[in-house]
Each structure stands twice: as structure tokens, then as C-alpha cells.
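To start, the structure under review is shown below, and the notes come after it.
The values are calculated or read from the model by the stated rules, or taken from the named source; none is laboratory data. In this text, all values refer to a predicted model and were calculated from it rather than measured experimentally. Cβ placement follows ideal geometry from the backbone for every residue including glycine, while neighbour counts extend to all protein chains displayed.
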Amino acid sequence: MFTGIVQAIGRIANVEPVGESRRLAVDAQSLDLADVAIGDSIAVNGCCLTVVARKDPMLEFDVSAETIAHTAGLQAGAEVNLEKSLRLADRLGGHLVQGHLDGTGVVVAFAAVDGDDGRNWRLEVDAPADLARFIASKGSIAVNGVSLTVNGVKGARFHVNLIPHTLAVTTLRTLAPGAKVNLEVDMMARYAARLLEMDAR
């Protein structure tokens, strides 16, 4: 379990094919690894991965073909958002994030908010149609592992505002129209939808 509050930006140093799977070597850079052990979970661009090897500051992860097929931004050289798993005593600063991605969206627009001196930016994303019903205005969504508040929704398109701090400490600042992003909808929305489906039967 995670919060969507990014703790460091890393870089994928190497991607090695292992059968149909991949072994990722991630340079964790400024991430505090003092309490990270083999078997621990780390969110890499929002995707929960298990540490299988460690040689500071490098962390290695095995990634299945299924995960590779449904995840964006895990190619060699890519910058990635990193977050260690949540401990029970930790403060929940974002929202509950599982690291189980629901799909990928496509950036439609990313530009500075008018009249704001370029400080805050508006990000518009087209989500897969089957995820749109889980995305609500003022609800939560994780984009590349970053906990964000949905400012508006129209059909399958939603938009969020990014403050200067978020732009400074995450990889979202590098996005451009056409880029794919990892999406995880609010887990409460998924459970609510499931309950409604069961009640309708």
C-alpha cells in the first residue's frame, strides 16, 4: 500500500530481457534505502514492484510480461517516480494507492494555467473508457504514482492542476501531449461500483 506521495525520482539504468519478462535496474538516486530489504515493495511510476536485488543506489525488480504490456514509462533511461510502501504508523498524506495499475491514459494537453505566471499547470488526460466511470470531480486519482485531485471530468477525459511543488519533485513536469501515463483510480470508487452492480442483480 502507498500514498501517492513521491519520495524520490529515479532512473531506469537497464532493462534486461528474461524470457518474456524483464529485469529492471533502477538507480534510486536520492531515495533513502536504509530500511529497504529484498522482498520489499516499491512503487515505480505507480506500479508496485518487488525488490529482488540491491546494490546501493541500484535496486533491481523482476517485471512480468503482463505488467510490461499494461504499464507506461518502464523503458531504459526513463525517469521514474519512486515511493516506498506505507507503514502502519505513517501519515497518509495523499490517498490510499495499491500500486495495482488500472490502465494507461494519454496526455491530451499540458500547459501553464492562464493568468498564473506559469506556476501551476493543467494536465488533461484521456482515460480508457472502462475506467471513466470511476473518475469523479474532486475525487482522487494516481497518475504515474502521484496522488492528485481530479478538478473536472468530461466523458473519459479528466483534468488536474499541478502546483509548483508537484512539478518540482515528480516526473510529471516532463509530460507532453501524446505521452502515456499510468493510472490507478480511487479504490473506494471501485468497491462502490461493485456494490452497485451486485445490488442491481
When only residues in the range 14-48 that are loosely packed, with under 11 Cβ neighbours inside 10 Å and of a type in the set (D, E, K, R) count, which is farthest from Leu183 (Cα to Cα)?
Asp35
The conditions are (1) surrounded by 15 or more Cβ atoms within 10 Å (Cβ to Cβ); (2) among the hydrophobic types (A, V, I, L, M, F, W, C); (3) more than 19 Å from Val6 (Cα to Cα), and Val80 fails exactly one of them. Which is it?
(3)
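Residue-wise test of (1) in contact with a His (Cβ under 7 Å, 6 or more places away or on another chain); (2) loosely packed, with under 13 Cβ neighbours inside 10 Å; (3) outside the structural domain of Leu195 (by TED's automatic domain parsing).
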site	(1), (2), (3)
Arg122	yes, no, no
Asp130	no, yes, no
Phe134	no, no, no
Lys138	no, yes, no
Ile141	no, no, no
Gly145	no, no, no
Val153	no, no, no
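Suppose we keep only residues that are buried (at least 18 other Cβ atoms within 10 Å of the Cβ) and either touching a helix residue (DSSP H, G or I) at 6+ places or on another chain (Cβ under 7 Å) or not acidic (Asp, Glu) (or both) within the range 83-100. Which one would you say is nearest to Ser21 (Cα to Cα)? Walk me through it before giving the result.
Looking only at the range 83-100, we keep the residues that are buried (at least 18 other Cβ atoms within 10 Å of the Cβ), and these are 83-84, 86, 94-95, 97, 99.
From what is left, the residues that are either touching a helix residue (DSSP H, G or I) at 6+ places or on another chain (Cβ under 7 Å) or not acidic (Asp, Glu) (or both) are 84, 86, 94-95, 97, 99.
Details: Lys84: 23, Leu86: 27, Gly94: 31, His95: 30, Val97: 24, Gly99: 19 Å.
Only one residue tops the list, namely Gly99.
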Could you please tell me which pairs satisfy a Cβ distance under 7 Å, a separation of 6+ or placement on different chains, a first residue in the range 56-68 that is assigned to a loop (DSSP other than H, G, I, E, B), and a second residue that is small (Gly, Ala, Ser)?
Pro57/Ala28; Ser64/Ser21
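Take the conditions over 17 Å from Gly46 (Cα atoms) and either surrounded by 13 or more Cβ atoms within 10 Å (Cβ to Cβ) or touching a residue at least 24 places away in the same chain (Cβ under 8 Å) (or both) and apply them to Ala179. Does it pass?
On the way: over 17 Å from Gly46 (Cα atoms): no; either surrounded by 13 or more Cβ atoms within 10 Å (Cβ to Cβ) or touching a residue at least 24 places away in the same chain (Cβ under 8 Å) (or both): yes.
For Ala179, the condition - over 17 Å from Gly46 (Cα atoms) and either surrounded by 13 or more Cβ atoms within 10 Å (Cβ to Cβ) or touching a residue at least 24 places away in the same chain (Cβ under 8 Å) (or both) - is not met.
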Looking at (1) within 22 Å of Ile42 (Cα to Cα); (2) among the hydrophobic types (A, V, I, L, M, F, W, C); (3) without any contact (Cβ under 8 Å) to a residue 60 or more places away in the chain, which is the only condition Ala129 fails?
(1)
